[in-house]
Amino acid sequence: MQTRTQAVIFDIGGVLLDGNKPMPGAVAALARLREADIPFLLLTNTTRRSHADLLANLHEAGLDVSAQQLLTPARAAAEWLQSHQTHGVLLIHPGVLPDFAGFDTTLIGQKTDTTAPRAVIIGDAGEGFTYTTLNAAFRELMAGASLISLSDSRYFREADGLSLDAGPFVRLLENAAGVTAIAMGKPGASYFRQAIAALGFCAENITLIGDDVHSDIQGAHAVGLQTILVQTGKYQAGDEEQTPETTVLAKDVLASVHLLHRR
């Protein structure tokens, strides 16, 4: 990294949190940034928990983060629906439904009399992904609805191993209906640009710290961010071979922050 880091973007799962527990060094990493007066944001593709629930989880894990320091795809999608005066058809996990409260939405398969433009919103629906729900989403798209993706991640780590995320199902619907999704999650450029705008610095002065080569590192690099790949979470040996040459490898989040201070 050749440019001085003035702000930091963190992925959450596998970087700051391991399930509901803090990753080793996570609390100290955030404290060190505060001491250095370096602003930071937490950017996640988590689409099973509401913004409020995730914020509470961070606090329970001992991570001192404000509501303004946490960006989630669901909130971004809800704001998109409002700004585009569009009705949302939700194929998402029940845990994230609170983020759409008060917005013009229905669950996939429910009937509505609205005449507003429609958009199918796909998040990590877990067991909600069935032939019935996916086919209902397909029919909405074939009838002219837009497709919004809350996550483009292929998989994530749970306590018992890796699990499919929303990305593969988004690709399925794109291919079947011949449409391109609007990405509200990583690695979507619009999502990263929203974080950049919130921090108020040029992209080249912001460093992203993540564990996912595709969603975190490649996506951040595409919009001009500096990147650090941590060897925790979903990292697997050899992942660094898929990263841009400028990406730095670190053993964990605290080591990443130490690297920033040594520059």
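The values are calculated or read from the model by the stated rules, or taken from the named source; none is laboratory data. Being a predicted model, the structure only gives us computed values, none of them experimental. In this analysis, Cβ positions are derived from the backbone assuming ideal geometry, glycine residues included, and neighbour counts consider all displayed protein chains.
Across the range 210-239, the number of residues qualifying as over 19 Å from TYR191 (Cβ atoms) and surrounded by fewer than 15 Cβ atoms within 10 Å (Cβ to Cβ) comes to 3.
Of all the criteria given as (1) at pLDDT 90 or above; (2) within 29 Å of ARG118 (Cβ to Cβ), the one not satisfied by ALA197 is (1). Scan the range 217-246 for residues that are modelled with pLDDT of 95 or more and touching a Leu at 6+ places or on another chain (Cβ under 6 Å) and the total you get is 5.
Of the strands (runs of 3 or more DSSP E) entirely within the range 1-105, those holding at least 1 residues that are of a type in the set (Val, Ile, Thr) occupy 7-10, 87-91.
Checking GLY109, GLY123, GLY88 one by one, the residue that is closer than 17 Å to ARG139 by Cβ, buried (at least 21 other Cβ atoms within 10 Å of the Cβ) and of a type outside the set (Lys, Arg) is GLY88 and no other.
Each row is one residue, and each column tells you yes or no for (1) out of contact with any Leu (no Cβ under 8 Å at 6 or more places or on another chain); (2) touching a residue at least 60 places away in the same chain (Cβ under 8 Å); (3) among the charged types (D, E, K, R); (4) not assigned by TED's automatic domain parsing to the domain that holds ARG139.
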{"position": "ILE38", "(1), (2), (3), (4)": "no, yes, no, yes"}
{"position": "ALA56", "(1), (2), (3), (4)": "yes, no, no, yes"}
{"position": "ALA67", "(1), (2), (3), (4)": "no, no, no, yes"}
{"position": "LEU71", "(1), (2), (3), (4)": "no, yes, no, yes"}
{"position": "ALA74", "(1), (2), (3), (4)": "no, yes, no, yes"}
{"position": "ALA77", "(1), (2), (3), (4)": "no, yes, no, yes"}
{"position": "ILE92", "(1), (2), (3), (4)": "no, no, no, no"}
{"position": "LEU97", "(1), (2), (3), (4)": "no, no, no, no"}
{"position": "GLY102", "(1), (2), (3), (4)": "yes, no, no, no"}
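Listed conditions (1) touching a Ser or Thr at 6+ places or on another chain (Cβ under 7 Å); (2) farther than 19 Å from SER215 by Cβ; (3) buried (at least 21 other Cβ atoms within 10 Å of the Cβ) are all met by ALA116, apart from (3). Checking each residue in the range 184-234 for being closer than 23 Å to LEU150 by Cβ and among the hydroxyl-bearing types (Ser, Thr, Tyr) picks out SER190, TYR191, SER215, THR227.
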